[in-house]
């Protein structure tokens, strides 16, 4: 009995030890020179939130935070590690204590143990550890540029994500780790066909910069709204102190994670003073018109009337006013047309409702004036535009039964009684069919039994169709699998050709998804791919690696890569695809 209790006790101790949360602080060295730097890492074995670093009293933060996450499987056991790293430079000699960092894991707050670091006199040959990461972090910056931080509700603003790179380093490629979403805005991305590197300044220093993304936002709520940051993983080439045989400086490539700062804007409500009754939410600068393609015609002929708004503003977020037409005019449902474009000034162009009108009687028929109201962002006032009255003159056709002269009004006109049923044949030549001609005849029995014969034929045809569809799905899967292998082989043979390589690799990845997950190209968003892989049993790490390969293919269109980098990407693909195969 005692031995059983001992085994149970040992089991529970081992179980709780395995599940125990660890949150530790580590330093690269406990003793450094005044002209050296020390790296401190705060690591945890479970994912946490609200990380709060110490104040690093006595030191200056010269690099970081560098965040890293790693997942691994060893002997069937999963291990997880997440860390935040900093590079610190001492301000003076002496003994200093790196205080406690805090993190929340599972609703509980955990703290690290303070660490003591001694700073001695400057040394002759200082060592900074991984100095390339420090250099990279100090020479690359991602900035969010907003055109207006206090817009009105439904007023358009532009958001640009700009990457600044110091002349001291080079950037070979980058990929987006997360794309900002704008849940409180109507948003429209502006296509950037080619990334142009320009010369400028950042914090007073000369920098090169490139605009990576441009987006137009129309806020749909008032109050404080957040503009989410863009986060990139950037391959940075940092010059080292080493030189090759010919005396040329060698570069060290490091992966640097850089994120733009989260920005907040204050959205103002539209003023209530002077707000027109017919205001439908239009905000911007607009022109308004009501036109017809003709004003004189005959009864039975058609004309078109167009209600059109053009200009700059939230053209897609309001309704056009309706035409007020006489009830005697035959009017069809309007056809809505849009001719809009987007640039950094917002959405511009025109929208229109086109009505087809067919008068049935002779006379004069007015189209009453129509008013359109909008909020002008330049003058910050409401404006109303009213169209002119248009009179439709129907010259030839039947007259009103009560009035032979042309009239203007909205009273419904009636067609003269003598001709309105002229299309009905009043004296048809019909022949009676007797019973002896059809009842119990051959055709009678054929028509009676024919529907019953269709039932088994329909069942057989349905089964054949289902089998054909199943075969088609299976054939499509096999075809996609062959194409994936074909394009992967094509990518391998064109590693030196940047464009051909990434196009072939992207096709291979897409066909792989079609074969394994049976999803179409239109469904291949990153969220759908991640969800589908998870549902099929793929691990999060492999799913992230697969998404990373797709992002590499996308970013390679805008930035040059080397043969060595292409080889690394290809090797990653040949590793992750078999790994996902095993999990699926």
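The values are calculated or read from the model by the stated rules, or taken from the named source; none is laboratory data. Keep in mind that this is a model prediction, so the values were computed, not measured. A quick note on method: Cβ atoms are made from the backbone with ideal geometry, for glycine too, and the neighbour counts reach across all protein chains shown.
Miscellaneous remarks
- Residues located in the range 296-321, provided they are part of a loop (DSSP other than H, G, I, E, B) and surrounded by 13 or more Cβ atoms within 10 Å (Cβ to Cβ): 299, 300, 301, 302, 314, 318, 320, 321
- Among the candidates 220, 255, residue that is assigned by TED's automatic domain parsing to the domain that holds residue 150, under 30 Å from residue 323 (Cβ atoms) and either surrounded by 14 or more Cβ atoms within 10 Å (Cβ to Cβ) or out of contact with any helix residue (DSSP H, G or I) (no Cβ under 8 Å at 6 or more places or on another chain) (or both): 220
- So residue 111, is it assigned by TED's automatic domain parsing to the domain that holds residue 29 and either under 20 Å from residue 261 (Cβ atoms) or surrounded by fewer than 17 Cβ atoms within 10 Å (Cβ to Cβ) (or both): yes
- Applying the criterion of at least 1 residues that are at pLDDT below 90 to the strands (runs of 3 or more DSSP E) found wholly in the range 191-245 leaves 205-219, 231-243.
- Restricting attention to the range 322-332, the residues that are modelled with pLDDT of 90 or more and surrounded by 18 or more Cβ atoms within 10 Å (Cβ to Cβ) total 1.
- Residue 14 modelled with pLDDT under 85, on the phi < 0 side of the Ramachandran plot, in contact with a strand residue (DSSP E or B) (Cβ under 6 Å, 6 or more places away or on another chain) and surrounded by 10 or more Cβ atoms within 10 Å (Cβ to Cβ): no
- Residue 518 modelled with pLDDT of 80 or more, within 28 Å of the chain's Cα centre (by Cα) and not assigned by TED's automatic domain parsing to the domain that holds residue 70: no
- Pick from the range 246-274, criterion more than 30 Å from residue 149 (Cβ to Cβ) and in a strand (DSSP E or B), ranking: modelled with the lowest pLDDT: 249
- Checked against (1) surrounded by fewer than 18 Cβ atoms within 10 Å (Cβ to Cβ); (2) over 30 Å from residue 65 (Cα atoms); (3) without any contact (Cβ under 8 Å) to a residue 60 or more places away in the chain, residue 250 passes all but condition (2).
- Residue in the range 63-70 that is part of a strand (DSSP E or B), in the same structural domain as residue 118 (by TED's automatic domain parsing) and either modelled with pLDDT of 80 or more or more than 37 Å from the chain's Cα centre (by Cα) (or both) present: no
- The set of residues in the range 333-376 being surrounded by fewer than 20 Cβ atoms within 10 Å (Cβ to Cβ) and in a loop (DSSP other than H, G, I, E, B) consists of 333, 334, 344, 345, 360, 368, 369.
- Across the range 323-340, the number of residues qualifying as more than 14 Å from residue 304 (Cα to Cα) and more than 41 Å from the chain's Cα centre (by Cα) comes to 3.
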